[in-house]
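Q: I'd like to ask some things about the structure below.
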Amino acid sequence: MSRNGPLALVFHTLFVIFMLAPILVVCFVAFTPEGYLSFPTDRWSLRWFYAIARYPEFVSAFWRSLWLGAISSAVAVAFSVPAALAIARYRFRGREAMTALFMSPLMIPHVVLGIAFLRFFTELGLGGTFIGLVLAHIVIVLPFALRLTLASAVGLDRSIEHAAISLGASEGTVLRRITLPLVLPGLVSGWALAFINSFDEVTMTVFIAAPATVTLPVRMFLYIQDNIDPLVTSVSACVIAITVAALIALDRAYGLERLLVGRSADGR
Amino acid sequence: MAFLALDNLTKHFGSHVAVDGLTFMVEKGEFVALLGPSGCGKTTTLQMIAGFVEPSGGAIRLEGRDLLAIKPAKRGLGIVFQSYALFPHMTVAENVAFGLEMQGVAAAERTRRVGETLALVGLGAFTGRFPRQLSGGQQQRVALARALVIRPRILLLDEPLSNLDAKLREEMQIELRQIQRTVGTTTILVTHDQAEAMALSDRVVVMNHGRAEQIGPPHEAYERPATPFVANFLGRTNLVNGATVRPEKIWFATSGLAGKVRTRIFQGNHWLYQIETADGLVTVIRQNTGEAMPAEGAAVHLAWAAI
Amino acid sequence: MKSTPYLLSLPALLLFGAIVIVPLVMTVLLSFHDWGQYKGIEPVFILKNWHEVFTDSYFLEMFWRTFRIAFFVTLLTALFGAPEAYIMNRMKSPWRGLFLLVVLGPLLISVVARTLGWALLFGGNSGLINKALVSMGLISAPLPFMFTETGVVIALTHVLMPYMVLAVWAALQRLDPQIENAAVALGAGPFTVLRRIVLPQVMPGILSGAIIVFALAASAFATPAIIGGRRLKVASTLAYDEFLNTLNWPLGAAVAVLLLVALVAIVIGCSRLVERRYAQVFG
C-alpha cells in the first residue's frame, strides 16, 4: 500500500493513460481488417503485418538501421573508453572543456547537425553514403556511451588496481584482468543506450540519408508525409514491440533507472 | 644492517610538504606503527614505500638495495589497503591466489597455499564466496590473506581496521598481532588511532607535519614523551602547576590541589573525572575497584607523582 | 606519464575535431553565402540571409511560434511531470519500478511511432479523441487538433514528458526521506510539507528538466512536421524545407545557426542562473 492518497492515484492513472494512449492506439489500428485507417471493433487481422513483406524498402530500412546502430554504438564505445579513463582518473588542463566538447552533441539541435553533416559530407563526396551515416551517428551517440562508460570508470576503486600491481601484475594484465572486466557493465549499457538512440534518430538522418540509404525511422516519416494508412501502423507496431522487448530485457539486466539516470533504484 | 631503511625521505605536493626528511630503520620481523593525525604524512610515506607515489628526495633501501629503482609490481610487498581493494569479480580463493598467479606458481601449489593462508586468518570455509557476500571483518581478513600468501618481505597495512566497529576492531587487533607473530613478517602499520598503534607495534613512529617527533617503543613514548605533541597525542595529559601529568597518575588524597568534581563518567573498567581546580579543569582517571568514588559536586584533593 | 590523459583522449578528440567542429564551422560560413535558383550556392560573404531572417516577418513569426510552442510544452511537462515523479517516488516496489518503466520507457520508443499515435488520436472526424468527446456529449462538432499549434503542443508534451520526469526523479533520489519526517514530526500538514519542504528541494531538478525540455521542444522536427503539417512551420521544419525543397542552403543554414545560438544562449544562461541560485543550498 503506497503512501499516495486517492487523488494522487487518480492523477497517476490519468497520467499513465496519457503516456500509453498513442502507443496503444498505433498497435491497435495495426490489427485492423479494413483497407483504411480504422479501429478493429469485431474482427482482428494480420493482413497489414503480412503486407510489410510487399514493401521491401521497409525491411531493408530495418536492417540498415540495425547495422547502423550496432556499428556506430560499438565505435562510439570504443572511442569513449580511453577518453572516460582519462577524464575519470587524471586532473589535467582542459579536462572540463574536453568533457563539454564530447557532450556537446546533446546540446546541438539535430537539425543543425543534419545540415552541418549534409554540407560536410557532400563536400567530401560522402553525401548519402552509409559511411557518412555511421560517422554522423557515432557523433550523436557518443555522449550516451561516454556518460555510462565514465560512470563505470569513476566508480572503479583505484586501489583495486594498485592491489593488483602490488601483487606483481603488469600494466597489460591489470587492464585485461581487472580494469576491463570491472568497467564492462558500463560499456555494455553504454552500447545499449547508444544503439537505442541511433535506431530511433530521425531528425538528423532525414537530411543526410539518400533514398538508397534510408533508415527505418526516416522511411516511416517520409511515408507518413504522403499518407497515413494502416501499413505504417503495422510497421510502427513491430518497432514498438521490439523496443519494448529490448526495454524489458535491459531493465532486467541493468535497471532502466541506472541506464537513464546513472544510478540504480536501490542506490547501487 | 637494517632490513628497511628510510633515509631523509621527502615529498612535496606543489608548495605543500607532506613528508619532511623522514629517517628511520626497521629490523627484520619488527612491527612498526606510523602514527599521527590525518595530514601528517604517514599514508604518503606508505605509498612511497609501496611505489605508488614518487619521493621528491631521499632514499629507501630494502636489505641494502635501492627500493626506489624497482617498479611497484616487482617490489614483492604485501599491501592491505584501507578500502581492502578486493577484486569484486573474483571469489575469495581467486583473490588470494592472484599474487601467486602473477608469480607463476603452479595451480596445485597455489591451491595449497591459499588454503593454508585462509585457514590462518580463519576463513577456510569461504573460498567460493564473492567479496560482496562477506562482512567488513571478513573482507579485511581476505585482504590480509591476499597480502600474506605471497610471503612478502614487508607487510604494509594502511589503516586496515578503521572501517570496523569498536568491538570488532579490538578483536582484530589481537588477531593481527598473533598472525604477525606466527608468520614473522616485517610489518609497517599506518594508523591515526594511538591505542591501536601502542597495542600492536614493537616500535612507534609518531609523525606530525611530515616529521617524526619520536621513534621508540610504545611504552617509552607514552611515559617519556619527547615533545608536547607526542604527550598530547598518546593519551590524555593535564598541565598542572607547570607540570605535565597523565590522568591515571593522579589520585584522590586527603591533601593536595583542592578542587570540586564537575563531571563523573563511568566507563566500565575505570571512572573518568573532570575536576575544577584553581589551575583549570583537570582530567582524572581512576581504576574501577568496586570502591565508592567521589560523586559529582564533591570537594576533593588531588595528588600525583612527578613524571 | 603526464601526457597519458591526452594520449587517451586523442582518438575521441580527433574524431570530434574532424566531424563536429569542422562541419559546424562550415555551416556558419554557409549561412553567409549567396544563393540563386539558377546559380546555386555562391561562396561569398554577405549578410543577405541574416538580414532576411531578422527582418522578414515570416521568419519572425515562425521563430516566435517555435519558442511559444516550446514554452507551453515546458510548462505542461513541469506541471504534470513533476507531481507524477513525486507520486511514483512514494510508491513501493514493484509498482515503483513498473511505472517508472511505463513512464520512462516511451523515451526509447521511436518518436515517429509515438507521433503517429497522436495523428491517429487527432485525425479529423475519425480521431479517437474527438469521437470520445462527441459520444460523451461534451462537444457537438469535432475539435481541430491536427495541423494546429495546440495539437503540436500536446503531442510534444507527450514525447518530451519522460525527460522532465527523469530530471525530477533524479532530484528526488538525492533527497533524504527523513527530512519530510522531521517536518511532519514538527507538526506540518501534507500540503505544507510539499510546498515548504519538498518543492524547494526538487526545484533545481524541475528547472534543469525544463531547460532540457525547452531546448528539445524548440528544435523538434518529426512531431511538428507530422502534426503541424506543411503549413505550420517551426524552425527545424523550415530549415528542412529550405534545404531539401527549395534548395536554398545558405538561408536554411542561417535559420539553423540562429536556432543553435539562441538555444545555447538560453540553456547556458538559465543553467548558470539555476546553479547560482541553488549553489548555497546544495554546495
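Bear in mind that the values in this text are calculations on the coordinates, not laboratory data. Please read these numbers as outputs of a predicted model, since none were measured by experiment. Neighbour counts are summed over all protein chains in view; Cβ atoms, including those assigned to glycine, are modelled from backbone coordinates with ideal geometry.
Q: Which order results if C:271, C:31 are arranged by neighbouring Cβ count within 10 Å, fewest first? Each step should come with its number before you reach the end.
A: Details: C:271 13, C:31 22.
The order, fewest Cβ neighbours first, is C:271, C:31.
Q: Would you work out if chain C is rounded, prolate or oblate? Take a ≥ b ≥ c from the square roots of the eigenvalues of the alpha-carbon gyration tensor; rounded if a/c is under 1.5, else prolate when a/b is larger than b/c, oblate otherwise. Show your work: numbers first, answer last.
A: Numbers: a/c = 2.22, a/b = 1.28, b/c = 1.74.
The shape class here is oblate.
Q: Based only on other Cβ atoms within 10 Å, what is the fewest-to-most ordering of A:44, A:191, B:251, C:118?
A: Working: A:44 12, A:191 23, B:251 15, C:118 27.
Result, fewest neighbours first: A:44, B:251, A:191, C:118.
Q: Loop-only check: which trypsin sites (Lys or Arg not before Pro) in the stretch B:1-70 are DSSP coil with at most 15 other Cβ within 10 angstrom?
A: Numbers: sites: B:11, B:28, B:42, B:61, B:65; in loops: B:28.
Answer by residue number: B:28.
Q: Here is a follow-up. How charged is the neighbourhood of residue A:54? Take every other residue with its Cβ under 14 Å from the Cβ of residue A:54, and add Lys/Arg as +1 and Asp/Glu as -1.
A: Net charge in that neighbourhood comes out at -1.
Q: Taking the stretch C:169-253, which chymotrypsin sites (Phe, Trp or Tyr not before Pro) meet the DSSP loop condition and have no more than 13 other C-beta atoms within 10 Å? Mind dumping the intermediate values first?
A: Details: sites: C:169, C:191, C:214, C:221, C:240, C:243; in loops: C:221.
Hits after loop and neighbour filter: nothing returned.
Q: Count the lysine pairs in the protein assembly as shown that are 8 or more places apart or on different chains: how many have C-alpha atoms under 26 angstrom apart?
A: 17
Q: While we're here: Calculate the spin-label point distance for residue A:9 paired with residue A:51, positioning each point 7 Å from the Cα along the beta-carbon direction, and give it in nanometres.
A: 4.2
Q: Additional query: Going by how many other Cβ atoms sit within 10 Å of their own, how do B:249, B:167 line up, fewest first? Don't jump to the answer; show the numbers that get you there.
A: Working: B:249 15, B:167 8.
The most exposed by this proxy come first: B:167, B:249.
Q: Simple spin-label model, 7 Å along Cα-to-Cβ: residue B:265 to residue C:185 in nm?
A: With each label placed 7 Å out from Cα toward Cβ, I get 2.4 nm.
Q: I'd like the distance separating the alpha-carbon centroids of the stretch B:41-113 and the stretch A:150-212, in whole Å.
A: Going from one Cα centre to the other spans 28 Å.
Q: Given the -39500 (n - 2.57) contribution per DSSP H run of 4+ residues, what per-residue ellipticity at 222 nm results for chain B, rounded to the nearest 500 deg cm²/dmol? Display every interim value, and only then the final one.
A: Working: 8 runs with 85 residues, N = 307.
That comes out to -8500 deg cm²/dmol.
Q: Which helices pass in chain A if a helix is a full DSSP H run, must span at least 30 angstrom along its long axis by Cα, and must have mean Kyte-Doolittle hydropathy not below 1.0?
A: Details: long enough: A:6-30 (35 Å, 2.52); A:56-89 (49 Å, 1.17); A:130-155 (36 Å, 2.09); A:230-253 (34 Å, 1.77).
Membrane-span-like by this rule: A:6-30, A:56-89, A:130-155, A:230-253.
Q: Now a separate question. Could you compute the net charge surrounding residue A:83? Neighbours are other residues with a C-beta less than 12 Å from the C-beta of residue A:83; K and R count +1, D and E count -1.
A: Numbers: positive: A:89, A:95, A:147; negative: none.
It works out to a net charge of +3.
Q: At what distance in angstrom do the alpha carbon centres of the stretch B:176-229 and the stretch A:7-60 lie from each other?
A: 75
Q: Can I ask one more? Quick one: net charge of residue A:8's neighbours, Cβ under 12 Å, K/R +1, D/E -1?
A: +1
Q: Suppose every Lys and Arg Cβ carries +1 and every Asp and Glu Cβ carries -1, with no other charges. What dipole size does the protein assembly as shown come out with about its Cα centre, to the nearest 20 debye? Let's see the in-between values first.
A: Numbers: 69 positive and 55 negative charges, 121 e Å.
So the dipole magnitude of the protein assembly as shown works out to roughly 580 debye.
Q: List the trypsin sites (Lys or Arg not before Pro) within the stretch A:46-120 that DSSP assigns to loop and that have no more than 10 neighbouring Cβ atoms inside 10 Å.
A: Numbers: sites: A:47, A:54, A:64, A:89, A:91, A:93, A:95, A:119; in loops: A:91, A:93.
For trypsin sites (Lys or Arg not before Pro) across the stretch A:46-120 that sit outside H, G, I, E and B with at most 10 neighbouring Cβ atoms in 10 Å, the list reads A:91, A:93.
Q: With chain A treated as a Gaussian network of Cα nodes joined by springs under 10 Å, which of A:164, A:136, A:70 yields the largest mean-square fluctuation?
A: The residue with the greatest mean-square fluctuation here is A:164.
Q: Helix by helix through chain C, keep the DSSP H runs that span 30 Å or more along the axis on Cα and average at least -1.0 on Kyte-Doolittle, and give those back in order. Write out the running numbers ahead of the final one.
A: Numbers: long enough: C:57-89 (46 Å, 0.86); C:149-173 (35 Å, 1.44); C:249-282 (48 Å, 1.51).
Span-like helices, by this rule, are C:57-89, C:149-173, C:249-282.
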